Structures are given as structure tokens and as C-alpha cells.
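S.K.: First the structure, which I've put down as C-alpha cells, then a few questions once you've had a look.
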Amino acid sequence: MVKEDVAELFCILDGADSIGGTKLVIHTDDGDIMIDFGLNYKKKSQYFDEFLSRRSQVGLKDYFTTGLLPRVHNIYREDLLKLSPKCSWEYSLKLSKVVISHAHLDHAGMLPFLRPDVPVLCSVESHAILLSLQETSGGKVENEFIRISKRELQTSKAHRRTVKGAQTSREFSYEDDRILTFSTDHSIPGARMCAVKVQGVWIVYTGDFRFGGLRDAETRQAMRKISSLEGEKVIFVEGTRFNSKKKSKRATERDVLDVLQRYISQYQGKLVVVDCGLRNIDRLSSVFEASGKLNRTPVLMPKTFHLIETLLDFTDETRYRSILNQARVYIRKRNIRKWEKELLERSRTVDENDINKSPGSYVLCFNYYDILELSDMNTTNGGYIYSNTEPFNEEMEIDLNRLRKWVSRLGMTFHGWEEESPLHVSGHLSPNEVLEFLDSVQPVCVIPVHCEEPLEYSKFLQKNGFSVLNPLFPQ
Ligand SMILES: [Zn+2]
């Protein structure tokens, strides 16, 4: 199939020149398939901030104005469109399915705005993660991944928006006979690649993935299965780590585990915090393993504990069970909602008094948003291990500077990405590993996505012998 014909089979609504915000459409004879419907964080921060947010009273209008949602007819929730002033549509789709590759919000974050009657295909883990996220977050539309509460205008003078109790569940199905999904390794459980056959051509979307993680074998198996698909293959491939100016370190999750253990052991009798992100369960497993070896009890925030419980409800995986058995849940000094109260009642808990009695007996799995809780504890000469991605934009840098300020005020030492030893491995593959993947799969054409430097990335792929189709730079 020639490039011009391939270009007719899909469109990229967003995410061709950004890390995330991914929204791809594949046109098939049975309707259009949306692949991921993510939140474009970069775009959002360009137009909104904490105190400048979408007006719920005008439905989707503010997101259409800013381009955070594409002006596509027939795909959005009717209750929200009724609240939105008339919109001029740029496209119209016949949406038959939505495929969500994984539950990171830059891939799934705009799902709450889509029509609830369109079936969503994703892994059970992604379903569980989105469900837990909804149950532990506020009742805003933005959090309605699974259950939808209809928004309607009241006919009162004030035109007050009310939330009615009509509950609609989305239909989630695990596999579809015309769409293939392949389990792969990423920094969140349940990531999938997918392949859709259209006009005899396999259109493959890699989603986010990596080599060298705890589930490296799954990525390699996905690669083999995709290689063995019969017929021509066109591949949307992620390029998160492509940076024309920077080289990245090579390390595996096992290396991180060893380094974590070494760092934690330096703080005998002192408090240690490991900040490893909310949904990076592989990293959490490493922290738990290191804690176990050093006879420390890992402490989780209620939200993380809820997430693991929900994953266990859906998958019965032993590692989730062992995390729940090993962990204590921290009692926060906050107004707590019903889900949190119930969770604290059914789990083994600790508070700051328990921790202050013996700070060296615990490892706290806290993050940036939990820093105030640390100020109630004896943190002097303790360690704050930031086992997470290094800042890649201005907002993250500002947040991390604030975090470091707190850590130093609390008398702790900060360890992060500047350390010689790896405290983090990326959820994404390196540019050379992208080539290894493409060499194995042998696509007729590559479409780069999820990349901050799409032109440079396209040139890099072309230089290495691949035919590139980049709608941003038509040749
Ligand atoms: Zn991701």
C-alpha cells in the first residue's frame, strides 16, 4: 500500500507533537475506532491553572475553545453538549469503539467526556485503575471514567447545574475479534499495544512501552506476535525519549531495587520516604521488596492502598495481595471522605505517633502532595528518595523545587535523578530500542507519535531506513 492510501486510513486528532494527549482515529468499514483519548497536559497548562479552570456551566465549550477537545461531531456526551453553546464542528465520526492502551491520564484522561454508549476496550487492570481513580477523586465530570452522572440544567432562574443520580456504566470488553491487543510492559499495570486490520493492512499502535522492566518478556512477546502478523504493517510508534540533545542512562528495574536497598540502609534508625509516583506498581513492588529485606514496614497513602485493592478485585494477582499484607495505611490529617473512612476501618493503620516512636522501622511511600504530613514527624537526618521521572517541563521543575525546599526544611536529604546510581528507570524505550523494535516488526510505514520533537524524530527514523509518514510534515 502506498503512503497516500495509508494516510486515508487514519487521522491524528492530537498527540503527534506532544508527549500525551494522544487521540488517534482509525477508519474502518464498521465505523471509526478511537485509539486513546488522552489529556494533553502541556496544552492544558498553557491555557489553564489551578484558579483558571473549565466552566462546568458551559459544558465543553472552554475545552473546544482551547483545543483540549477536538471539535468532532457525534462523539461527546449529550448532557454536556446540551450545556455547551452551539459549536462549529470540524469533523464528524461514526464512533464504533474506543481503545484505551493504558490508564495514564495522558492516554485516558478525556474519556469522561465521550459518549457512554460507545464500548471501551481496555485491559482489566486499566479498568480497575480508572475505577479506583474515580472512586477516590471528587465528583467532577473529569473523573467520570466509568460511572456517569448526567448533568442537566435546571429550569430555575439561576440556571444552576445539578447532578442527577442517573448512573450509567460504560461497557468494557477485554478483547475483540477484529482488534488484537498485546500485553506489554510500561510504568503502570495493564498496558496494551493494539492492532486493527483495515483493507488488508495491520495498523499497529504501540502505546507507551519499554524494555528492561520487570515484565520485559511481555514486551518481547508482543514484538514477536506483531512481527508474525500476516500482511503489511503500519506502525504508530511512541518517541517519548527521543531527545536530539540528551542521551539517557541505561538501567533495569532490578538495578533500581538494588540502589533503593542501598540508599534506605544508609538511614538506620531514621525516617525514609520513597516517592515513586501513584500508579507505578512495579516500582512500589521494588520498594516493598527493599523494605522487607531491611525489616522496615512500608506505609501507603489510602489512595494507593485503594488502587491495589481494586486491582486485586479484578485480577487476583499474588503480588497485589502481598503488597496489601505487608503495608500499613497512613491516617492523614485531612477531612476524609466516605471511601477513605471505610478503608481505614478495614485496614491496618499507622499515624504520626506510631512513626515517631520508631522512625527507622518504616518506609513511607509518599509523594509531593503528602509533604505536609511529614512535618508532623521526626524527619531530622532522614532521607527523601525521589524514585520518579526527572522534570521534563517548567511546571515539573517548579513543583520539584518546592518539594526540595520542603525536604531541606524538614532536615532530610534529597536523592533524585542527579545521583550517579539509578533511582528510576523510564516507562519508555530508548531511541535505539525503538529501532530494535521496528527492525523486528518490519513495518511498511512508521507514524511517529508521543514525541516533543516530531520532525527530528522522523528524520532519525528515516536515517535508519524506515519509511515515515508524518501528517505534520507531509512530503
Ligand atoms: Zn504512559
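The values are calculated or read from the model by the stated rules, or taken from the named source; none is laboratory data. Note that the structure is predicted; figures quoted are calculated from it, not measured. Every residue, glycine as well, gets a Cβ built from its backbone with ideal geometry; the counts of neighbours run over all protein chains shown. Quick note on the areas: whole protein, heavy atoms, side chains included, nothing else; ligands and nucleic acids left out. Shrake-Rupley method; radii C 1.70, N 1.55, O 1.52, S 1.80 Å.
S.K.: Under 11 Å from the Cβ of residue 444, count the other residues' Cβ atoms, weight Lys and Arg +1, Asp and Glu -1, and hand me the total.
M.R.: 0
S.K.: Using the Karplus curve 6.51 cos²θ - 1.76 cosθ + 1.60 with θ = phi - 60°, what ³J(HN,Hα) values do you get for each residue of segment 15-30, in whole Hz, with x for Gly and Pro?
M.R.: Computed from phi, the couplings for segment 15-30 are x, 7, 10, 9, 8, x, x, 4, 8, 10, 10, 10, 8, 10, 5, 9 Hz.
S.K.: Starting from the coordinates of the alpha-carbon atoms of segment 217-307, obtain the Kirkwood hydrodynamic radius over all distinct pairs and give the value in Å to one decimal.
M.R.: Evaluated on segment 217-307, it is 16.7 Å.
S.K.: Separate question: Give me the Å³ per residue figure for the convex hull around the C-alpha atoms of segment 321-475.
M.R.: 206
S.K.: Given 3/197; 3/86; 3/44; 44/233; 3/82, which pairs have Cα atoms separated by over 28 Å?
M.R.: 3/86; 3/44; 44/233; 3/82
S.K.: Please compute, for the alpha-carbon atoms of segment 369-452, the extent along each of the three principal axes and give them in descending order in Å.
M.R.: In descending order, the Cα extents are 59, 25, 19 Å.
S.K.: Give the long-range amide H neighbours of residue 350: residues separated by 5 or more places, or on another chain, with amide H under 5 Å away, using H modelled in the peptide plane at 1.01 Å from N.
M.R.: 329, 330, 331
S.K.: Then there's this: Return the long-range amide H neighbours of residue 237 (sequence gap of 5 or more, or a different chain), with a cut-off of under 5 Å between placed amide H atoms.
M.R.: Here 447, 449 satisfy the definition.
S.K.: How much net charge surrounds residue 307 when only the other residues with a Cβ under 12 Å from the Cβ of residue 307 are counted, with Lys and Arg +1 and Asp and Glu -1?
M.R.: With Lys, Arg at +1 and Asp, Glu at -1, the net is -2.
S.K.: What three numbers, in Å, describe the spread of the alpha carbons of segment 413-475 along their principal axes, ordered from the longest?
M.R.: 52, 26, 17
S.K.: Using modelled backbone amide H atoms (1.01 Å from N, in-plane), which distant-in-sequence or interchain residues come within less than 5 Å of residue 99's amide H?
M.R.: Sorted by chain and number, the residues that satisfy this are 34, 35, 36, 121.
S.K.: What ³J(HN,Hα) values, in whole Hz, does the Karplus curve 6.51 cos²θ - 1.76 cosθ + 1.60 give for segment 262-277 when θ = phi - 60°, with x put for Gly and Pro?
M.R.: Once rounded to whole Hz, the list reads 5, 5, 4, 5, 6, 10, 4, x, 10, 6, 10, 10, 10, 9, 10, x.
S.K.: With each label point set 7 Å from Cα along the Cα-Cβ vector, what nm distance links residue 413 and residue 338?
M.R.: 4.8
S.K.: If you don't mind, another one. Per residue of the chain, what 222 nm ellipticity follows from adding -39500 (n - 2.57) for every DSSP H run with n ≥ 4, rounded to the nearest 500?
M.R.: Here the helix-only value at 222 nm equals -9500 deg cm²/dmol.
S.K.: Counting only protein heavy atoms and using a 1.4 Å probe, what share of the accessible area of the chain belongs to carbon plus sulfur, as a whole percent?
M.R.: 48
S.K.: For segment 249-347, what is the convex hull (Cα atoms) projected area averaged across all directions, in square nanometres?
M.R.: 7.5
S.K.: Student exercise: in segment 267-378, how many lysine pairs 8 or more apart or on different chains have Cα atoms under 15 Å apart?
M.R.: Summing the qualifying lysine pairs gives 5.
S.K.: If you average 1/r across every pair of different Cα atoms in the chain and take the reciprocal, what Kirkwood value do you get, in Å?
M.R.: 23.7
S.K.: With θ set to phi - 60° and the Karplus curve 6.51 cos²θ - 1.76 cosθ + 1.60, what are the ³J(HN,Hα) couplings of segment 453-468 in order, to the nearest whole Hz, using x for Gly and Pro?
M.R.: My calculation for segment 453-468 gives 10, x, 5, 5, 5, 4, 5, 4, 5, 5, 4, 8, x, 9, 7, 10 Hz in order.
S.K.: Can I ask one more? What number does segment 253-415 give for Rg over Rh if you use C-alpha atoms and the Kirkwood radius?
M.R.: 0.94
S.K.: Could you tell me the calculated FRET efficiency between residue 268 and residue 42, based on Cβ-Cβ distance and R0 = 41 angstrom, to the nearest 0.05?
M.R.: FRET efficiency, residue 268 to residue 42: 0.45.
S.K.: Net charge within 12 Å of residue 93 by Cβ-Cβ distance, Lys/Arg positive one each and Asp/Glu negative one each, not counting residue 93 itself?
M.R.: Net local charge, residue 93 excluded: +3.
S.K.: How high is the relative contact order of the chain? Use alpha-carbon pairs under 8 Å, at least six apart in sequence, and give a whole percent.
M.R.: 16
S.K.: Another question, if that's okay. Compute and list, largest first, the equivalent-ellipsoid semi-axes of segment 27-82 from the alpha carbon gyration tensor, each √(5λ) rounded to a whole angstrom.
M.R.: 24, 15, 8
S.K.: Ok, one more. Enter the accessible area per residue of the chain (Å², integer; probe 1.4 Å; all protein chains in place).
M.R.: Accessible area per residue, the chain: 45 Å².
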